[in-house]
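Shown next, in structure tokens, is the structure this report addresses.
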Amino acid sequence: MLWRKTMVTYDKDIMSEIASDDVIERAYAWLCERRKDYSANNDVWQLRWRWQEGRPRLQADLLSGKYRLGAVHRIRGDEGEIELWSAPDALVLKATAIVLSRKLKRHLSPNCYHLAGNGGSKAAVRAVAAQLDGNGFVFRTDVRSYYASIDQDMLFGMLERYVKDSAVLDLLWNYVYRTVYDEGHYVDLRQGIGLGCPLSPLMGALFLKALDDRLEKTGLLYVRFMDDIVILAPTRWKLRRAIKTVNATLADLKLQKHPKKTFIGKVKQGFDFLGYTITTSGLGIAPKTWARFVERVTRLYEQDAGPSRIGDYVRHWWRWAQAGVSLKVETSVLAAFEMSRPPTSTTRHNNAYDPDSHSLVGTLVLQVQKKRIARSAPTSFIIRMPYATVCSYNSHMIEPDFNSQFKL
């Protein structure tokens, strides 16, 4: 596919906003914060060193339409791979995202909660939890490999409908049809958009606009956070009709539901959404969220993190879990704690740490002990590792007492 500028009315209003002092400085502040811990070899430090000299040149290139995005670097690590734009490109993409978010907001659904100003993940969870009464059936799904599956031609066609600035479309063309530098090779990608780019969440919202529009017409409770989708319905047949709409729309967009992350059933059975388990009796933490928490604490212990560091992590995690939601820990949710891994050849039956395997094969105990004096009584979290490594902190909660073990 080739983009022809003659098809677009030339209008410099959008690019003028992107290149404005206010937007560029906001993008620069974001970049400095985002990459403050990057390697000394990263080009962000060169950009910061020469910023006062480089900013006018960058703005002039943007306004003249000369600026072009370079190849994005693909970096592989233990936790997968990421795509890293150069510091100037990341700044420009952030500035573009700031302006286009305002321009496209009126065209995008308020039910798309991951967009700035729509409340975020906690607002999405609250919106679903607040509408359980009268809605006995639920459809929960997400899109398989969403970013990687986005059709670039379709996405750019959508952008042409809403963006009428040729210079901005040039930038968006470079972003959508990006070139990746991967271990000495330059590869032109013709499918999907990149993870970790400040513009990608907005593109993810725009690409599913047709789904938002069609589901809002059903009158059912519909919530989307990127590609995580929840629909509540009072009857089976209304839910089936909504599911049919989802299937048809995803097929039109050349997308597929994730089979392992799709749930269709009664609300009273409970379902997971954005890290929480939602049931008619309250909001709990999803088993997978607990599992990731335990895995992280285990990894910190294996890395010889001290009690203070592990305690800080537990405290911050619990603050995240409670923030913005009315959390209720149910017995059924606490059962998710009782997970064990199959024993390995290095596992000792005395739950000790094996110095030869360099892994934790003991028991992690998370205890919450509540004083029965008031709903706001102080709570003590105690993490006990093998050999009496203990870290604790005070918090506040209103949940029942519980004492659960994980065998790792």
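One table, with the values for the structure above:
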item	result
Spin-label proximity, Ile264 to the range 220-245 - amide N less than 17 Å from point 7 Å beyond Cα toward beta carbon	229-245
Greater than 25 Å apart at Cα, pairs in Lys66/Lys94; Lys103/Lys288; Lys209/Lys254	Lys103/Lys288
Cα→Cβ-extended label distance, 7 Å offset, between Asp133 and Lys164, nm	4.7
Simple label model, 7 Å out from Cα along Cβ direction - Asp22 to Tyr181, nm	3.5
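No lab work stands behind these numbers, since they all come straight from the coordinates. Note that the structure is predicted; figures quoted are calculated from it, not measured. All Cβ positions, even for glycine, are placed from backbone atoms using ideal geometry, and neighbour counts span all protein chains on display.
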